[in-house]
1. Along the positive direction of the dipole of the chain (beta-carbon charges: Lys, Arg +1; Asp, Glu -1; about the Cα centre), which of P93, T31, H145 reaches farthest?
2. For the modelled label position 7 Å from the Cα of Q206 along Cα-to-Cβ, which residues of the stretch 144-169 have backbone nitrogen atoms closer than 15 Å?
3. Considering the dipole of the chain built from charges on the beta carbon (Lys and Arg +1, Asp and Glu -1) around the Cα centre, which of L68, A4, M159 is farthest to its positive end?
4. Heavy atoms only, probe 1.4 angstrom, no DNA, RNA or ligands counted: give me R196, R26, R156 ranked by accessible area, highest first.
5. So with the 1.4 Å probe, I'd like the accessible area per residue for the chain, rounded to whole Å².
6. Near V87, within a Cβ-to-Cβ distance under 11 Å, what is the net charge of the other residues, with Lys and Arg +1 and Asp and Glu -1?
7. Gain in length, L155 to E127, computed as 0.36 nm per residue apart minus the alpha-carbon separation, to one decimal in nm?
8. Probe radius 1.4 Å, ligands and nucleic acids ignored: give me the carbon and sulfur share of the accessible area of the stretch 5-216 as a rounded percent.
Amino acid sequence: MTEATYLHTTRASYDTVAVDYDRLFRDELDTKPLDRAMLAAFSELVRAPGTGPVADLGCGPGRVTAHLHTLGVDAFGIDLSPGMITVARRTHPELRFDVGSMTALELADDSLGGIVAWYSTVHTPPEVLPTVFAECHRVLAPGGHMLLAFKVGDLRRHMDQAYGHEVSLDVYWMPPEQVSELMGGAGLVMDARMIREPDEQERPRQGRQGFFLAHKPTGS
C-alpha cells in the first residue's frame, strides 16, 4: 500500500529536526502548570493496578513519556520518526520507545490502560482523524483513558522552515466541537475539557490550546 504523502513528509521533517527539537522543548513543561495539571489528573486515572501500560503516541524525543514516568505511570512512546525515536532512546534509556504510526498501531486490541496524544495529531488532515481515534479506541482496554492536546481554531498553515531547518509540514488548528464529535464518533466518552489561552511563548502565532480527557466505556 502506498503511504500517504503527509506521513512521508511528517516523518522526513521530524527526522531532520529531531536533535534541535529536543534541545528546544525538553524543559517546556516546566513553565506550563496547567498542562502539567492535565497530565497529573490523567496519571491518577491510569495508575490503578491492572490497568495496563500507557502509550504516548507521537512521543517525539520522549519528554512527555518521561514526565509520565516520574508520575508513576507505566508509559512507553511511539513515534512516526525514527530520528525522534533515536533521540528519545538516547535521552531516556530506561524507557521503551518504538517507531510506529497512529493510523495503524501495532498493538493488540484492548491492551492499553491509557493513551496520551500530546499535540501529535496537529499534522494529521482532519479527514484522517476518524481513523486515528478509531485506532485509539481499538487498543484501549474498556475503562481506559485518553488525553489529547491540540491547537484550537480553524486553520491550516504550511511550514517550510522550523527549528532552524527546512521542512514540509501542514499544521492544523481544530474547533473543539469538531474534535469532540470525532472522538465521540469513535466511541470515546468525554470526561473533561480545558481550553487555555496562549502563554507568552505561544503568542501570537500559536493561539488557544485544547486538552480533552476521554475514556473507552467498559461495555465496549
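1. In the chain, that residue is T31.
2. Those under the cut-off are 149-153, 163.
3. Sorting the options by dipole projection puts first L68.
4. R156, R26, R196
5. Numbers: 10270 Å² over 220 residues.
Each residue of the chain exposes 47 Å² on average to a 1.4 Å probe.
6. On the way: positive: R23, R26, R63, R89, R90; negative: D15, D20, D22, D79.
For residues surrounding V87, the net value is +1.
7. That works out to 8.7 nm of additional length.
8. Exposed carbon and sulfur together represent 52 percent of the surface.
The values are calculated or read from the model by the stated rules, or taken from the named source; none is laboratory data. Just so it is clear, the structure is predicted and the values come from calculations on it, not from any experiment. Note that we place each Cβ from the backbone using ideal geometry, even for glycine, and neighbour counts take in every protein chain shown. SASA here: full protein model, heavy atoms, side chains in, ligands and nucleic acids out. Shrake-Rupley method; radii C 1.70, N 1.55, O 1.52, S 1.80 Å.
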